[in-house]
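Below is one structure, written out as C-alpha cells; the observations come after it.
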Amino acid sequence: MALPTDNLLALFRAVVDIESVSRDEARLADEVEATLGGLDHLEVLRDGNAVVARTNLGRPERVIIAGHLDTVPVAGNLPSQVSDGPGGVIVHGRGTADMKGGVTVMLWLARRLDAPARDVTWIFYDCEEIDVASNGLGRLVAHHPDWVAGASLAVLMEPTSALIEGGCQGTMRFDITTTGLAAHSARSWLGHNAIHDMAEVIDRVREFDCGEVEVDGLVFREGLNATMIQGGLAGNVIPDSCEVQINYRFAPDKTADEALALMTRWFDRWTLNVLDLSPAARPGLDEPAAADFVAAVGGEPRPKYGWTDVARFSSLGIPAVNFGPADSGKAHAVDEFCPVSDLDACAAALARWLAPAHRLV
Ligand SMILES: N[C@@H](CCC[C@H](NC(=O)CCC(=O)O)C(=O)O)C(=O)O
C-alpha cells in the first residue's frame, strides 16, 4: 500500500491505521521510506526502523525535524475514526495525539518543500515510548553521528496543540519488591504478607511533595506515582512477594544523578531496581536558533511535562523544542484524538519558518 500523499486527512488516517506499537514499526518505516524515496530534492537513508530524509542544497544552516513512529499499545482504538468538531474534522485512534499527527505533517512537508531556505533533515524513528536503551534515535546517533551533526535547531513534533513546549521533564522508573512468607490464608499467622508490607511503600509515594519548579521562566510540575503492581499466587495463599513500579517525573533543575539520589534517599528503607532513567532538558528558548523559531511560530511557550528527545538533542549540544499537533493531555489516553486543523496550523507555521517564499500546494 502506498501512502496517499495528495490529501492531508487521507494521509493522516493511513499513517494512523498502520499499527506501529514500539518494536513493531517496520511496516510504517517501509511506507515512510517509499513515500520519500525517488524525490529529486531528498536523500533518503535508513538505520533499522528509522528513516532519514534530507535536503542537500548547501544552505548556510541545517535544521532537524524529528518524530517517532511508535505508539503505546493499542487498546481497542484502531482503526481510526473521524468526527466533526467545532473547528472541523477530528481523527480519533491510537497514535493520533502521540504522535502520528506530527509524523503526517513531516511527510506532507518533506515531499512539498523542495527548496527550503534552511537545509532540513527529517528524522522518523522507532522505539521512543519504551526504555531509553531501545530508543531508535539514540541508536541512529550512535551509528551515524554525522546524520545529526551541525544542526542549529531540532524541532520534535510531539503533541503541543501547535504551540511551543520548551524543554522536557526527566523520567525515572524503578521497582521496589517486598518479600514475605507464603502460607495457607486460613493460618495466616504462619506466614508474612508481602502485599501488606507494600502499603508502607505506597504511603511513601503519596507523602512525596511534588513541587512546581520554574526553569528559564517555564513552570514544570513534578510527579511521583505507582504505575504498576503485582503480587500474589492464589486467592487462598498469603503472598510472599509484591512488586510495584514507580515513575518519578522530575523538572529540569535536576540532573538524572540528582533525581536518582533523591529517590534513593526518599525510599531509603527499600532497594530500588532502576529500569529507566532519562534526563530532563532545560527550555533554552533564548538560544538564538530557538528564539528565531519562537518568533516565527508565535504564541506563548509552555513547559513539556512528558519526556521527549529534546533531552537527547540538548545533550548533543543541539538546541531543541517541541512543536506539533494535538493536545499532549490526550497522549496515551484510550480516547486520544487530533483535530486536522492542528495539522494545518503546524504545517503552515513550519513552512513559514523553513521557506518563507514557498507556496504550499
Ligand atoms: N524512556 C522513557 C520514554 C518515555 C517517553 C514518553 N514521552 C511522551 O509521552 C511525550 C508526550 C508528551 O508528553 O507530550 C513519556 O514521557 O512517557 C520511558 O520508558 O519512560
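Just so you know, all these numbers are worked out from the coordinates, no wet-lab data involved. All figures in this text were calculated on a predicted structure; none of them were measured in a lab. Please note: Cβ atoms are built from the backbone with ideal geometry, for glycine as well, and neighbour counts cover all protein chains shown.
Among the candidates VAL148, VAL141, VAL132, single out the residue that is under 30 Å from GLU19 (Cβ atoms), under 16 Å from the mean Cα position of the chain (by Cα) and among the aliphatic types (A, V, I, L, M).
VAL132
With respect to (1) more than 30 Å from LEU343 (Cα to Cα); (2) in contact with an Asp or Glu (Cβ under 8 Å, 6 or more places away or on another chain); (3) buried (at least 21 other Cβ atoms within 10 Å of the Cβ), the lone exception for HIS192 is condition (3).
Apart from one condition, SER241 fits all of (1) over 30 Å from the mean Cα position of the chain (by Cα); (2) loosely packed, with under 15 Cβ neighbours inside 10 Å; the exception is (2). Restricting GLY329, GLY317 to those that are surrounded by fewer than 22 Cβ atoms within 10 Å (Cβ to Cβ), away from the ligand (no atom under 11 Å from the Cβ) and without any contact (Cβ under 8 Å) to a residue 40 or more places away in the chain reduces the list to GLY317. Count of region 33-67 residues, restricted to those that are touching a residue at least 60 places away in the same chain (Cβ under 8 Å) and within 14 Å of THR121 (Cα to Cα), is 21.
Based on this model, can you work out whether LEU107 counts as in a loop (DSSP other than H, G, I, E, B) and hydrophobic (A, V, I, L, M, F, W, C)?
Values: in a loop (DSSP other than H, G, I, E, B): no; hydrophobic (A, V, I, L, M, F, W, C): yes.
Answer is no for this residue.
Considering region 38-80, the residues that are crowded, with 18+ Cβ neighbours inside 10 Å and of a type in the set (D, E, K, R) include one that is nearest to the chain's Cα centre (by Cα), namely ASP70.
Of GLY150, GLY136, GLY180, all but one fail to be surrounded by 24 or more Cβ atoms within 10 Å (Cβ to Cβ) and either over 12 Å from PHE313 (Cα atoms) or more than 16 Å from the ligand (Cβ to nearest atom) (or both); the exception is GLY136. Residues in region 164-177 that are more than 15 Å from the chain's Cα centre (by Cα), of a type in the set (A, V, I, L, M) and within 12 Å of the ligand (Cβ to nearest atom): there are none.
One residue stands out among those in region 81-133 that are acidic (Asp, Glu) and surrounded by fewer than 24 Cβ atoms within 10 Å (Cβ to Cβ): the one that is farthest from the ligand (Cβ to nearest atom), which is ASP114.
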